[in-house]
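I have placed the structure first, in the form of structure tokens, so that the comments after it can refer back to it.
The values are calculated or read from the model by the stated rules, or taken from the named source; none is laboratory data. Not measured: the values here are computed from a predicted model. Methodologically, a virtual Cβ is constructed for each residue, glycine included, from the backbone with ideal geometry; neighbour enumeration extends over all protein chains shown.
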Amino acid sequence: MPEPKSRRHGAELESAILDAAWAELVEVGYAKLTMEGVAARAGTSKPVVYRRWPGRPELVLAAWRRRVPDGGDLPDTGALRSDLLALLHRFVHRFQDTPRDVLAGLMSETFRDPEVFALLLKQIAATRQWPAVETVVRKAVERGEIPPVQITPRVARVPLDLIRAEAIFHHREIDEKTITEIVDDVLLPLLRGLAHTESPGEE
């Protein structure tokens, strides 16, 4: 007869639930994931799960946030183009490590629930693409590759917004060609255009 599991509390219990939620996502997908299934896999009860997360979207977002790395040190290849390519590869890696239907399922939830939409936006903002892009561009300015340019949050969101659009709305694989086109056809022209506009002496 197996020994009963020791009673878990706090961070240990939360970790077990989030691990179970991710395992359920990988196995059954977002659409079929249930709070009951997560509770059973985690060896706890449904009320315990609901005390921490009010619904499926909140639980999935928490599990996703825990699994997605912050990216570590920023690329520093010595050139703006190769730094941007390396940065976009990191963004794409985050999508590839996420079950395909998770983001699509969350997006559909946002149309029904403004609170879920707010949570999703907050999580996306926490992926640190703004300071990452800003730092990469600042290094290029310091090397003299481009004139000084101010990176606004909207500009910094462009690469990740394009990747999300390709993956979620158009259901396309983000391959090397797509990453290169985003950098060469969109990001570099945008940054050079902004730098030209803001150069000293321009009227």
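The table below gives the values:
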{"item": "Some residue of the range 173-181 being in the same structural domain as Ala79 (by TED's automatic domain parsing), part of a loop (DSSP other than H, G, I, E, B), farther than 16 Å from Pro131 by Cβ and in contact (Cβ under 8 Å) with a residue 24 or more places away in the chain", "result": "yes"}
{"item": "Among residues of the range 34-60, those that are within 17 Å of Gly10 (Cα to Cα) and touching a Lys or Arg at 6+ places or on another chain (Cβ under 7 Å), counted", "result": "2"}
